[in-house]
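The structure under discussion appears below in the form of structure tokens.
Any read-out appearing in this document is the output of simple, stated calculations on the displayed coordinates, not a laboratory observation. These figures come from a predicted structure and were not determined experimentally. Quick reminder, even Gly has a Cβ in these numbers, built from the backbone with ideal geometry, and neighbours come from all protein chains shown.
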Amino acid sequence: MSAHELMLEDVAVYVLGALPEAEAAAVRSHLQTCDECRREYVTLRPAADALGFSAEACADPSSGAIVPSRRLKARIIQQVRRDSSQRLSTNIGELRAVRPIVWPAYAVAAACLALALITVIFNMSLNEENRQFETQLSQLNAHASVLTRELVVQRTELADLVSPESQRYPVTNGEVIKHRTRLYIAMEQMPPPPKGKVYQAWTLHARAAKMVPSVTFVPNRSGVAVVPIPVNAASVVAVAVSLEPEGGSKQPTSAPAFVVKLTQ
Amino acid sequence: MEDGGQLIARVRARDAAAFERLYDAYHRLVYGVAMRVLGERSGAEDVTQAVFMKVWNAPEKFASGNLAGWLVRVARNSALDLLRNRSRQPVELPEHSALDDGPEAEVFARLDALSVRSALEQLPPEQREPIESGFFGGLTHEEIARNSGVPLGTVKTRIRSGLLRLRATLDGAVRA
């Protein structure tokens, strides 16, 4: 029998676990370098393991043979679950035990100072922005007030113009409308004034000897003009409109386009 | 049903429920090997407990392959250690070798006890006895030779021949 065949037998005894440790170590070392012996090991290993399977019959309850006690399982599982919960609490403990990062005092002071400077600069910037925003807000509020007032006036004018309670005095291409103390000239298809001219309203007050000048106006491209007359209508007894130079006149310089008397 | 490798993977993740399933699947094998080696219940239970606690504490020792075969070796070594030293300290788990992952390893893991016992009984006594003495009795080849009065070389030849024959019989069993 060759030396290698003898080694194959040693591999078999090694697989069985029946070699003294020194010889087992030699076989382990040999297996690292010898393909044939490795194949022998791989072939015999399952057979040796299977020897243990034959012993399982000793613990087979169906054969009526001896089986491990139920207390054994309870003991092992209890130990495992206790160990498992301890590991969990240990991990939590490790997390809790993590030390916070401690900064040197000078670093803390420097960081605080830098933070304070940044905060001051930031606040100044914010204050300036705030002032700008306040100015803009004030302007917007003023504009909104103007618009609101205009809207109220327009709504009032519109209500006066369509109100059945208003008194209407027809004129060529329009009418003069009186509603309580407010007075309007409402015109349509009114010819545009010549270049350098505007229409001007005139009012005659009770017990007055002559008309006084009022607002000037120009109809739009459609020939429409709705003109509130800034006067207390209660004291006005007549209204006239004439063509006047731009900027208006203190005395009429042309024949009136219309003159209408208002009843009290 | 999960195989041994899957259960071990979950045990590595500290899954106690997987460990319990692993115990249910393999405790009779481990206990049976320990009983066969020690011949008494108390020691076999101690070995079983020690083996499974080692598996719980160091599941990474088993890499892949035939978990049942690995547990057989662990149980045998633990029981033999107890038998020799009568110290209640279990042995360390052996590292799982890549050589133990033969292509049929997992196929052989599905062998049942009756098939293996039947295969063993088919061996001639002069081959079966040294194999069982070496495996369950923990005897070295020299002790077997001395006890049986058979030359050492002959013992080694019989062991090898017996294992090869056992392997061939088991091959037939797993392919049946």
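Per residue, how big is the convex hull around the C-alpha atoms of the protein assembly as shown? Give it to me in cubic angstrom, could you?
Output value, Cα hull per residue: 434 Å³.
Projected onto the charge dipole of the protein assembly as shown (+1 at Lys/Arg Cβ, -1 at Asp/Glu Cβ, origin at the Cα centre), which of B:SER42, B:PHE136, A:THR253 gives the Cα projection farthest towards the positive end?
Towards the positive end, the residue furthest out is A:THR253.
Residue-wise, which Karplus ³J(HN,Hα) couplings in Hz belong to segment B:58-75, taking 6.51 cos²θ - 1.76 cosθ + 1.60, θ = phi - 60°, and x for glycine or proline?
My calculation for segment B:58-75 gives 9, x, 5, 5, 9, 8, 6, x, 8, 5, 4, x, 5, 5, 4, 5, 5, 5 Hz in order.
Under a no-solvent Debye model with one identical scatterer per Cα of segment A:3-59, what's log10 I(q)/I(0) at q = 0.17, 0.24 Å⁻¹?
-0.54, -0.91
Roughly how many nanometres apart are two label points built 7 Å out from the Cα toward the Cβ at B:ALA63 and A:LYS210?
About 12.5 nm separates the two model spin labels.
Residue separation times 0.36 nm, minus the C-alpha to C-alpha distance between A:GLN167 and A:ALA116: what's the value?
That pair, A:GLN167 and A:ALA116, stretches by 11.1 nm at full extension.
May I ask you to derive the FRET efficiency for A:GLU129 and A:VAL218 from their Cβ-Cβ distance with R0 = 35 Å, giving the value to the nearest 0.05?
0.20
Using a 10 angstrom cutoff on alpha carbons, build the Gaussian network for chain A and name the most mobile of A:LEU44, A:LEU140, A:LEU126.
A:LEU44
Using unit Cβ charges (K, R positive; D, E negative) and no other charged atoms, how large, in debye to the nearest 20, is the dipole of chain A about its Cα centre? Before the final figure, lay out each step's value.
Numbers: 27 positive and 24 negative charges, 509 e Å.
With only Lys, Arg, Asp and Glu charged at Cβ, the dipole is about 2440 debye.
At R0 = 25 Å, how high is the FRET efficiency between A:ALA26 and B:THR154 if r is their beta carbon distance? Nearest 0.05 is fine. Provide the component values of the computation, followed by the final result.
On the way: r = 21 Å, r/R0 = 0.84.
Between A:ALA26 and B:THR154 the formula returns 0.75.
Which value at 222 nm does the protein assembly as shown reach when only helices count, each DSSP H run of 4 or more adding -39,500 (n - 2.57), with the total divided by all residues and rounded to the nearest 500 deg cm²/dmol?
Working: 14 runs with 255 residues, N = 440.
Estimated from H runs of four or more residues: -19500 deg cm²/dmol.
How big is the Rg/Rh ratio for segment A:115-162, C-alpha atoms only, Rh by Kirkwood, two decimals? Don't skip to the end; give the middle numbers.
Working: Rg = 20.3 Å, Rh = 13.6 Å.
Taking Rg over the Kirkwood Rh, I get 1.50.
Please find the FRET efficiency linking A:VAL146 to A:THR181, where r is the Cβ-Cβ separation and R0 is fixed at 30 Å, and quote it to the nearest 0.05.
0.85
Using a basic spin-label model with each label point 7 Å from the Cα along Cα→Cβ, how many nm lie between A:SER235 and A:ARG38?
Those two pseudo-labels are separated by 12.5 nm.
So how strong a dipole does the protein assembly as shown carry about its Cα centre when Lys and Arg Cβ are +1 and Asp and Glu Cβ are -1, to the nearest 20 debye?
On the way: 51 positive and 48 negative charges, 532 e Å.
For this selection, approximately 2560 debye.
Among the lysines in the protein assembly as shown, how many pairs, 8 or more places apart or on different chains, have alpha carbons under 18 Å apart? It would help to have the intermediate numbers written out before the result.
Details: A:LYS73/B:LYS54; A:LYS178/A:LYS261; A:LYS197/A:LYS250; A:LYS210/A:LYS250; A:LYS210/A:LYS261.
Qualifying lysine pairs in the protein assembly as shown: 5.
Across chain A, where is the longest run that never hits GluC sites (Glu not before Pro) in a DSSP loop with at most 16 other C-beta atoms within 10 Å?
Longest stretch, sites excluded: A:1-164.
Using only alpha carbon pairs under 8 Å that are at least six residues apart, calculate the relative contact order of chain A and give it in whole percent.
RCO, chain A: 10 percent.
How much length is gained if the chain between B:ARG84 and B:GLU40 is pulled fully straight, taking 0.36 nm per residue apart and subtracting their Cα-Cα distance, in nm to one decimal?
Contour length minus Cα-Cα distance gives 14.4 nm.
Which residue, B:THR154, A:LEU140, B:LEU7, has the largest displacement toward the positive end of the dipole of the protein assembly as shown when charges sit on each Cβ (Lys, Arg +1; Asp, Glu -1)?
Of the options given, the answer is A:LEU140.
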